[in-house]
Amino acid sequence: MRTILAIAVMGAAGAVSRHLLGSFAKAHIDTVLPVGTIAVNVIGSFLLGLLTALAVAGVVPESWRGPVAIGFLGAFTTFSTFGVETVALAQDGRLAAALANVAVQLVVGFGAAAAGLWVGRLAGA
């Protein structure tokens, strides 16, 4: 029960953090791409990679993994919003922007996850 409560609390924090970062990006960055969603997904990918490597190395307690990965990062990142925004761009006739969004999310997101794993392995070594 304690783990469930920790996941719920961390999930709330992740959702609020996603909203704040997305709102900030939308208000301050003028672009056709959904930079708020890109930012949370890239940051979340890096942090999940980092957390995973640090947990495997024993630097971060395994008991933190569920609350942080499932709770905070699960609520912070958003695949569903990425999908809806990409489809909306395509439906609005902005196919190049839709394809760019997919490319940025995948390439930079995977790169961020790899970087997080690499940094975590260095820190845990």
### Task
Any chance you could give the angle, 0 to 90 degrees and rounded to 10, that helix 35-56 forms with the longest Cα principal axis of the chain?
20
### Query
Using a simple charge model, +1 on the beta-carbon of Lys and Arg, -1 on the beta-carbon of Asp and Glu, nothing else, what dipole does the chain show about its Cα centre, in debye to the nearest 20?
240
### Task
Enter the angle in degrees (range 0 to 90, nearest 10) between the Cα long axis of helix 2-28 and the first principal axis of the Cα atoms of the chain, meaning the one along which they spread out most.
30
### Query
How high is the relative contact order of region 1-96, given as a whole-number percent (alpha carbon pairs under 8 Å, six or more residues apart)?
43
## Note on the structure
Helix 79-91 sits off the longest principal axis of the Cα atoms of the chain, rounded to the nearest 10 on a 0 to 90 degree scale, by 10
### Summary
CD proxy, 222 nm, the chain: helix-only mean residue ellipticity via -39,500 (n - 2.57) per DSSP H run with n ≥ 4, per residue, nearest 500, stands at -26500 deg cm²/dmol
### Message
Charges on Cβ only, +1 for Lys and Arg, -1 for Asp and Glu, centred on the Cα centroid of region 19-125; of ALA88, THR77, GLY116, which one is farthest towards the dipole's positive end?
### Response
GLY116
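FYI, it's all coordinate maths here, none of it is from the lab. All values reported here derive from a predicted model rather than from experimental measurement. In this analysis, Cβ positions are derived from the backbone assuming ideal geometry, glycine residues included, and neighbour counts consider all displayed protein chains.
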